Amino acid sequence: MQELLPREIREMIYAQIWDVEYLTSTRRPSQQSGPLGHSDPRCHTHLVRPNFMGEETALEMAQAWYEAASTLAPDTFTIPDTQESIQQTVCEDRFKVGLDPATVLRTLTIDFDETKSRLASPYCKWPDAATRQETFNLLHRLKKKAGFRLNFRICTPKFRLNCWPDFFDLMQPIVKTLADEGAIVDVQAIHCSRGPHLMAYVFVDLNSIVRGYDPATWKQGVIEYLDSVILAPSLSSCKTGADK
């Protein structure tokens, strides 16, 4: 195939192979689940094995997988904010085909656990601030920042606004640098239910707050927003009941 077909035709073939059904069928659940659940960001199939497909074709198949997964199944690249998951996703050639993922990644969602991700928490999963900063600095390795989609999500069953500045300090320089280079960056806080069946039911847009973080004023806007989305339905319900 490498000798008989030009690269453009090969890429068309790869695109037909990596459809949504096949992308889904070749994924395995991750042993480490995050607040909204995560999958192992790899496919498990003979199509990316050099000893089966040949080195050149396996490399092209892996590149095509990244492209297809980014558009057809972007949740493939939803990971928890752990040192291991970020290093593996951004740096490691997990298919063993000679591919640097930083050259082909087009989307990434990182979920922060409000309790375990915060440095001041006694349950923090990070050993120290330096390790966390060095790990997140790996995002600057991304080669194609223009059009790259980066999502930061603070996931919590209970909004504790006093905890958020720790995340803002970490996110702000990354958000600014990537956005300045053309990346599409989105930052949200997500109120998730507890229990085995997690459900996100309140979203808070933090983009403007992170970009222009002001310790003296940022909290008021969030409080007003939460009052509007939480109290308004309750007041509407009370009014409806009174009308009856």
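3J(HN,Hα) along the stretch 51-63: 6, 9, 8, x, 4, 5, 5, 4, 4, 5, 5, 5, 4 Hz, from the Karplus curve 6.51 cos²θ - 1.76 cosθ + 1.60 with θ = phi - 60°, whole Hz, x for Gly and Pro. Considering only DSSP states other than H, G, I, E and B, which chymotrypsin sites (Phe, Trp or Tyr not before Pro) in the stretch 92-172 qualify as loop sites with at most 14 other Cβ atoms within 10 Å? When the chymotrypsin sites (Phe, Trp or Tyr not before Pro) of the stretch 92-172 are filtered for loop state and at most 14 Cβ neighbours within 10 Å, Tyr123 remain. Structure shown: which of Lys96/Lys144; Lys116/Lys219; Lys96/Lys116 lie over 25 Å apart, alpha-carbon to alpha-carbon? Check vs 25 Å cut-off fails for Lys96/Lys116. Equivalent-ellipsoid semi-axes for the stretch 36-154 (Cα gyration tensor, √(5λ), whole Å, largest first): 28, 14, 13. For the stretch 7-213, relative contact order (Cα pairs under 8 Å, six or more residues apart, normalised by length) works out to 16 percent. Residues whose amide H comes within less than 5 Å of that of Ile154, counting only those at least five positions distant or on another chain, are Phe112, Gln188, Ala189, Ile190 (H built at 1.01 Å from N in the peptide plane). Summarising the amide proton neighbourhood of Thr78: residues at separation of 5 or more, or on other chains, whose placed amide H is nearer than 5 Å comprise Ser39, Thr109.
Computed from the coordinates by the stated procedures, all read-outs in this text should not be read as laboratory data. The structure displayed is predicted, hence computed values, not measured ones. Here Cβ is always computed from backbone atoms with ideal geometry, including for glycine, and neighbour counts include all displayed protein chains.
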